[in-house]
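The values are calculated or read from the model by the stated rules, or taken from the named source; none is laboratory data. Since this is a predicted model, take the numbers as computed values, not measurements. Heads up, the Cβs are rebuilt from the backbone with ideal geometry, glycines too, and the neighbour counts pull from every protein chain shown.
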Amino acid sequence: MAAGVASGENAPVRIAAGPIATFHHLQFDPEVLVAAKRGRRVSVCVPARDEEATVGAVVTVVREALVEGLGLVDELVVVDDGSLDATAAAAAAAGARVVASGPDLGPDGRPVALGKGGALRRGLEATSGELVVLLDADVTNVAPHFVTGLLGPLLAGDGEVALVKAFYNRPIDGAPTGGGRVTELVARPLLAELFPELATVRQPLAGETALRREALEGVELDEGYGVEMGLLVDVALRHGAGAVAQVDLGERVHRNRPLAELVPQARAVMASALARAGLAVA
């Protein structure tokens with residue numbers, strides 16, 4: 001066993017093997033998905049912290065094309081996670097219902113951010129759809145297929161899929177690929193070693209995710225940046241790898257962060273994966 005890692009008291013049940021279905025967003029016709037809803041509600045939730053420059057455009061795309069246009073989305077909520085800028089105002093002006101992640105204020109009188117896990121938990125509490133699509137607020141090329149692609153395996157499938165992850169090309173510094181450094185250097189190697197049944201998931205940390213609300217039964221969302229890894233593994237542990245699907249959304253463009261800002265994310269992702277493997281960082 002590696003130095004610094006100790007065995008936990010209870011090893012988790014292993015993930016039941018199963019094929020992780022892979023799709024392209026073009027396989028799903030939006031009009032067909034509307035017909036496939038059959039009375040089910042669809043919620044879109046966007047956690048956001050200090051994203052006033054981009055959140056309005058994300059909301060506008062979803063509202064115009066999928067709420068008012070197709071009627072595919074029934075509910076559009078932005079969770080403002082302690083923003084110090086005009087994120088909440090920009091989201092509301094674009095047509096979202098805005099909720100705060102929490103009521104607490106710090107010693108300086110400013111809102112306290114809960115982190116991504118806390119914001120997602122608040123968003124799930126504030127929405128009512130049987131199907132929930134999660135989108136990041138900092139993406140600059142969001143298009144309707146970000147939602148329709150993720151909903152496709154849930155609406156057009158046989159009911160076996162519980163969680164859908166996006167994957168995409170991630171440009172960085174002018175190159176068409178190469179983004180997603182924490183994904184490639186931390187998340188995917190950890191899955192390959194600890195949960196090989198999920199090794200073919202290409203973007204385990206993708207913020208673009210869709211799920212059946214019932215799949216969250218018994219799942220406790222991690223705080224902070226470990227939430228995506230934890231959610232993926234927890235759903236697979238409960239429902240098997242075959243309950244996970246992934247969809248190619250093409251390209252995703254967002255603000256690439258410097259390495260110093262990625263260190264806390266990498267540590268949180270590692271802690272989340274190790275804990276579910278029955279290990280703990282000593």
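Suppose the filter is over 23 Å from TYR168 (Cα atoms), at pLDDT below 95 and of a type in the set (Lys, Arg); does ARG252 pass it? Spelling it out, it is not the case that ARG252 is over 23 Å from TYR168 (Cα atoms), at pLDDT below 95 and of a type in the set (Lys, Arg). Among the numbered conditions (1) under 29 Å from ALA17 (Cβ atoms); (2) crowded, with 19+ Cβ neighbours inside 10 Å; (3) touching a helix residue (DSSP H, G or I) at 6+ places or on another chain (Cβ under 8 Å), the only one that PHE167 does not meet is (3).
Just a yes or no: is a residue in segment 94-104 at pLDDT below 95 and either out of contact with any strand residue (DSSP E or B) (no Cβ under 8 Å at 6 or more places or on another chain) or of a type in the set (Phe, Trp, Tyr) (or both)? The answer is yes; a qualifying residue exists. For segment 55-77, the count of residues that are under 20 Å from GLY117 (Cα atoms), assigned to a loop (DSSP other than H, G, I, E, B) and in contact (Cβ under 8 Å) with a residue 40 or more places away in the chain is zero. Would a scan of segment 145-164 turn up a residue that is crowded, with 21+ Cβ neighbours inside 10 Å, within 21 Å of VAL269 (Cα to Cα) and at pLDDT 95 or above? Checked against the condition, which is being crowded, with 21+ Cβ neighbours inside 10 Å, within 21 Å of VAL269 (Cα to Cα) and at pLDDT 95 or above, segment 145-164 yields at least one hit. Checking each residue in segment 220-239 for being in contact with a Lys or Arg (Cβ under 7 Å, 6 or more places away or on another chain) and in a loop (DSSP other than H, G, I, E, B) picks out only LEU221. Kindly provide the set of residues from segment 255-277 that are assigned to a loop (DSSP other than H, G, I, E, B) and either at pLDDT 75 or above or under 17 Å from GLU184 (Cβ atoms) (or both), ordered by number. Matches in segment 255-277: ASN256, ARG257, PRO258, ALA277.
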